[in-house]
Structures are given as structure tokens and as C-alpha cells.
Amino acid sequence: GYGNITIAAGAAVATATKDLLTVGGGVNIPTGEYRLRDDEGSINEPTIQPGSGSWDPFVQVYYDHQWVPHRWEYFLSAGYVLRTANPLEYDFGNLTLVNAGARFSPNNKVIFSLQLNGQASPHDFFDGQMVASTGMRQVALTPGIMVFASSGFGFYAHVAVPIYQKVNEAQLAPETALAVGITATF
């Protein structure tokens, strides 16, 4: 099924010829199903549901500096998601995100990137009690590419390869992750 919807807004708080600093925030809205049942009629585990069932506000900060305008740039970003308990009293742990990377554009149609992406979350809680085998810390090395058409539409692909992972107790952890999508500039 479909997951939650995220609404976000941001604003540039400092701009210069080669620098940009933005701050933003938003909320993850619980539109995805979070009470799907298994074959025996019990509600499935919360971590495999398409939605969370909780309203989760977040903040984010982004800084970008162009070494060579429209060719080489680096960026830093940080975000924090305050996860709240859903109506079933399940509370996913708050999420901290930190990213750093560089981008190179040999022309106005292609952008290559290389990033370090860090994330950390503590244990989840259910009905006020800590849930074992939840929460983790991870750093991934993420190469990527974006290709743009003259219409302003583009395609991107990023492959995140974990270079450090520490999970709490025993749980599944990704070996690699692939993010693909379409972007539009107006």
C-alpha cells in the first residue's frame, strides 16, 4: 500500500554569490495504512506497515557552496524528525540525519554526486516500554547521478552502500539501497 505523505517548506536565510543556506521543516502525515493484519487476523508488526499512523514533525538545515559555479559544489545538511506515538501507542524512535557531499556537473544536463549519509535513531517504544531490536546508527557512501532534459524534467539514481552499521540487538540491516526518481524544475 501507499505510505505516509510528507509536506515540507523551506526558505533561504542567507545567500551570496557562491553560498546558500536554507532552513525548513514540515510534517509526515499518517495517510498510509498502519493496521494491516496477518493471516491469523493480528495486526502486523509496525515496522513492516506501509504507514506509521503518527504525525511526525521535522526540521532541516542545508548549506551549499559552489567552488566553481555550475560545475563543482559541496553541501552539508542536517535534519531531525520528532516521531510521535500512533493511536496503537507505538512510537518509532526520533531520527537524526546528517549528510555531506560534493557534486560535479560537466555540462548543464548531467550531475554526478558523492555523499556520506549518516542516520541514527534510538529504540522504538510500545505502550511506554522499549522495543528490543529496534534503533540503529549507520553511515553510507552514496554515489549518484542526475540527468536532465531540456524541459526541466530529470531522472536521478543514488546507490547507498553502508560503510558503518550498528544495530541494537539483532535485526535486519540493509546491505545496499537504491533510490531512483523523477524531478522537475519550474
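The values are calculated or read from the model by the stated rules, or taken from the named source; none is laboratory data. Keep in mind that this is a model prediction, so the values were computed, not measured. Every residue, glycine among them, receives a Cβ derived from its backbone with ideal geometry; neighbour counts consider all protein chains shown. Accessible surface is based on the protein model in full, side chains and every heavy atom, while ligands, DNA and RNA are left aside. Shrake-Rupley method; radii C 1.70, N 1.55, O 1.52, S 1.80 Å.
Details
- Most tightly packed first, judged by the mean number of other beta-carbon atoms within 10 Å of their residues, the peptides 77-83, 163-169 read 77-83, 163-169.
- Mean separation of Cα contacts under 8 Å, 6 or more apart, over the residue count of the range 49-186: relative contact order %: 16 percent
- Within the accessible area of the chain, the carbon and sulfur atoms contribute 62%, probe 1.4 Å, all protein chains present.
- Solvent-accessible surface of the range 28-144, averaged per residue with a 1.4 angstrom probe and all protein chains in place: 56 square angstrom.
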